[in-house]
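Quick note: the coordinates plus some simple rules give every number you see, no bench work behind them. These numbers were taken from a predicted model, which means no experiment stands behind them. No Cβ is skipped: glycine too gets one built from the backbone with ideal geometry, and neighbour counts run over all protein chains shown.
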Amino acid sequence: SAPLSIVRGAGEAAEHGILMRTGEAFQGYRLVDTVVLDKTGTLTEGRPVVREIEVFSGSEAELVALAAAAEASSEHPLAQAVVRAAFARGAVPPEVTAFEASPGKGVTARIADGEVLVGSPAFLEGQGIDLSPARARIAALEEAGRTVVVVGRNGRALGLLALDDRLRADAAQAVAALRKEGLRTVLLTGDNERAARRIAAEAGIDEVHAGVLPDGKAETVRRLQAAGPVAMVGDGINDAPALMQANVGVAMGGGTDIAIEAADIIILSNRLAALPLARGISRRSYAKML
Ligand code: ADP
Ligand code: MG
């Protein structure tokens with residue numbers, strides 16, 4: 001059975017809405033010197049909202065209807081925000097006959113008169129859609145911290161939706177507490193570099209790895225491990241491999257089941273203050289065992 005200090009530590013953690021469920025949570029977390037945080041749903045609340053809609057061609061009603069049709073089958077938080085915005089505008093989405101999600105990029109849907117793409121500017125450009133007339137506008141929105149999602153149909157861009165997601169209320173305080181303990185903090189996201197830098201600055205994180213595709217998150221953690229043990233904090237399906245790769249995986253309680261299953265520590269309270277708190281518990285429980 002577990003040493004008494006671990007049992008007490010687990011109890012103290014539970015009182016704070018933290019589930020420390022593996023040996024790594026106690027023995028490994030006190031040793032990490034880098035904490036990597038996912039952006040959407042971890043550092044932010046994970047409920048993005050559509051702030052602006054810009055039409056390049058056709059009408060706004062058509063743009064949001066097509067976007068909602070393509071996003072209806074996606075579980076991504078951005079997709080849910082797009083669908084909500086479309087319904088709020090009374091959109092009537094066309095029927096979708098086939099759907100494909102490209103993780104970290106966007107979605108593709110087939111409708112009666114062609115193909116609709118919704119996703120990052122890089123995704124649409126990669127599919128051969130010319131975004132050069134919109135490039136300056138996209139850069140300005142991203143500079144302001146927005147995530148830009150472009151809607152394309154049959155090889156042409158129809159318009160864009162600009163979304164943002166609020167930083168969790170205690171993010172800056174939690175990051176400051178980690179840094180005060182001498183930890184290196186890193187933001188890791190599939191989102192664009194400009195929006196990521198903006199969010200990182202608000203949270204007080206100075207190292208950013210943006211535009212990282214889902215497969216690349218675990219690889220980034222592996223590279224950071226060259227400098228010492230790493231904790232990874234995430235919530236999404238695409239964070240699970242990185243949570244497994246890290247010395248200590250931490251999942252937000254509101255995250256997807258796959259992320260939760262991959263984690264050593266689960267923050268049931270969804271409060272980032274749990275990150276420094278659990279570290280103190282790990283250190284004290286371990287010291288008492290010796
Ligand atoms: P994060 O690392 O912030 O959780 P993801 O890896 O899930 O982000 O996605 C990275 C980027 O891919 C998003 O910022 C968005 O531009 C694009 N993307 C992914 N899925 C979708 C979707 N369903 N609809 C629109 N864009 C998407
Ligand atoms: Mg996330």
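Relative to one another, the C-alpha centroids of segment 147-163 and segment 197-256 are positioned 28 Å apart.
Shown for the chain: lysine pairs separated by 8 or more places, or found on different chains, whose C-alpha atoms are under 27 Å apart, numbering 6. Once both labels are positioned 7 Å from their Cα atoms along Cα-to-Cβ, the gap between Ala122 and Arg179 label points is 2.5 nm. Helix 60-71 sits at what angle to the longest principal axis of the chain, using alpha carbons and giving 0 to 90 degrees rounded to 10? Around 50 degrees separate the two axes. The angle separating the long axis of helix 274-289 from the principal Cα axis of greatest extent in the chain is about 20 degrees.
The Cβ shell under 14 Å around Ser5 holds other residues with a net charge of +4, Lys and Arg each +1, Asp and Glu each -1. Converting phi to 3J(HN,Hα) with the Karplus coefficients 6.51, -1.76 and 1.60 and the offset θ = phi - 60°, segment 166-174 yields 6, 4, 4, 4, 9, 4, 5, 5, 5 Hz in sequence order, with x at every glycine or proline. Normalised size of segment 177-266, defined as Cα radius of gyration per 2.2 N^0.38 Å with N residues, equals 1.03. Taking other residues whose beta carbon is less than 13 angstrom from the beta carbon of Gly28, and scoring Lys, Arg as +1 and Asp, Glu as -1, yields +1.
Within the chain, the percentage of alpha carbon pairs spaced more than 36 angstrom apart rounds to 22%.
Compared with the dominant principal axis of the Cα atoms in the chain, helix 193-203 is inclined by about 40°. Plainly put, segment 49-164 has a radius of gyration that is 0.92 times its Kirkwood radius, both from alpha-carbon atoms, as the Rg/Rh ratio.
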